[in-house]
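Accompanying notes for the structure given below.
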Amino acid sequence: MKKGLTRAGLGQVGSLANFVSLAASYGFEAIDTSGKELEDWIVEAGREGVQSFLAEQKVQIGSIGLSVEWRQSEERFREGLPRLAKDAEAAAQLGVTRCCTYVLPSTDYPAAHFMALATRRLRTVAEVLGAYGIRFGLEFVGPHHLRTRWANPFLWDIPSTLDWIDAIGRSNVGLLFDAYHWYTTEAGYEDILKLRADQIVHVHINDAKEVPVAEALDNDRVYPGEGVIDLAAFLKGLHAIGYQGVVSQEILTPQPPTAPVEELLARSQQGFAKVFRAAGLE
């Protein structure tokens, strides 16, 4: 598995090129970004220039986020499709093969109606991405407070998300598997072993404060190895099923961190080393 970073929890990492350099300096092998950032970087430095820089730094782009708004009106969704195609084109130019989005566990729409709309829309997204050789990851969101944040419950666990992926019915769709949501849905090691590696598109890692699981807030996470999630079991499970992709840190916090970025990166590096070592993977 490759150690990766998102911008979440790192403060001001600067430009995408600077983010890549910082990641490499602290032993990370991948970063997540947006398709628009990739497009802008290619315009600035040229495709070959970007490829050369990434190769020199030994860093890959782990995943891009889904830019199209699929949760609201049909008009908003359709307006975002041209941007999606541009994102996919930029990603494909750099050999990026992953795009991900999150699925909130409740909605103000009637749940059955929302399911019908979202299934059709995400099938369209998968088809656009598939044309560029990109897999599409859906992240179920587990924290209890979000299950009642909107009027109607939707889905928030592994089995329901896998059922939905089957309904979407495109072979390039799978899970964005986040340690925090694995923990807040009270899934365990055995639940990971039920998965196949090819069902997992991308992975996020983070940790939880020592509060009752039902009180763990989505935007109040801590760095790997600093909380109560059994991340050794999480990583062992992924290793056991043969997952070899990127594991990207994502630390959502109530306020952006104010510590120097180098301090936060060193903390991240130490956290990864701790949990990978505990899993017997380092």
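Please work out how much length the chain gains when fully extended from residue 93 to residue 197, using 0.36 nm per residue of separation minus the C-alpha to C-alpha distance, in nm with one decimal.
Length difference between fully extended and current span is 34.9 nm.
Within a 10 angstrom radius of the beta carbon, how do 171, 25 rank from fewest other beta carbons to most?
Going from sparsest to densest Cβ surroundings: 171, 25.
What helices does the chain have that are whole DSSP H segments, at least 24 Å long along their own axis by Cα, and with mean Kyte-Doolittle hydropathy of 0.5 or more?
111-130
For 183, 26, which order do you get if you count the other beta carbons within 10 Å of each Cβ and list the fewest first?
Neighbour counts put them in this order, fewest first: 26, 183.
By how many nm would the segment from residue 18 to residue 85 grow when fully extended, if each residue of separation counts as 0.36 nm and the alpha-carbon distance is taken off?
That works out to 21.5 nm of additional length.
Sketch the reach of a paramagnetic label on residue 253 as a point 7 Å from Cα along Cα-to-Cβ, and name the residues of the stretch 8-30 whose backbone nitrogen lies under 17 Å away.
8-14, by backbone N distance to the label point.
Mind giving me the nanometre distance, one decimal, between the label points for residue 36 and residue 111, set 7 Å out from Cα along Cα→Cβ?
3.3 nm
In percent, how large is the relative contact order of the chain, given Cα pairs closer than 8 Å and 6 or more residues apart?
21 percent
Can you put 184, 258 in order of Cβ neighbours within 10 angstrom, beginning with the fewest?
258, 184
Taking the simple approach of a point 7 Å from Cα along Cα-to-Cβ for both residue 119 and residue 47, what is their distance in nm?
3.7 nm
Within the stretch 45-151, what percent of beta bridges assigned by DSSP are antiparallel, to the nearest 5?
Of the beta bridges lying entirely in the stretch 45-151, close to 0 percent run antiparallel.
Express as a percent, rounded to the nearest 5, the fraction of DSSP beta bridges in the stretch 2-278 (both residues included) that run antiparallel.
Percentage antiparallel, nearest 5: 10.
Check which residues have an amide H placed less than 5 Å from residue 68's amide H, if you skip close sequence neighbours.
none
Provide, in order from the shortest bin, the percent of all Cα-Cα pairs of the chain in each 10 Å bin, continuing until the bin that contains the maximum pair distance.
P(r) over the chain, rounded to whole percents: 7, 29, 37, 24, 4, 0.
Find how much the distance from residue 277 to residue 262 grows on full extension, using 0.36 nm per residue of separation minus their present alpha carbon separation; answer in nm with one decimal.
Extending this stretch completely gives an extra 3.2 nm.
No lab work stands behind these numbers, since they all come straight from the coordinates. Everything numeric here is computed off the predicted structure, so don't read it as measured data. Virtual Cβ from ideal backbone geometry, glycine too; neighbours counted across all protein chains shown.
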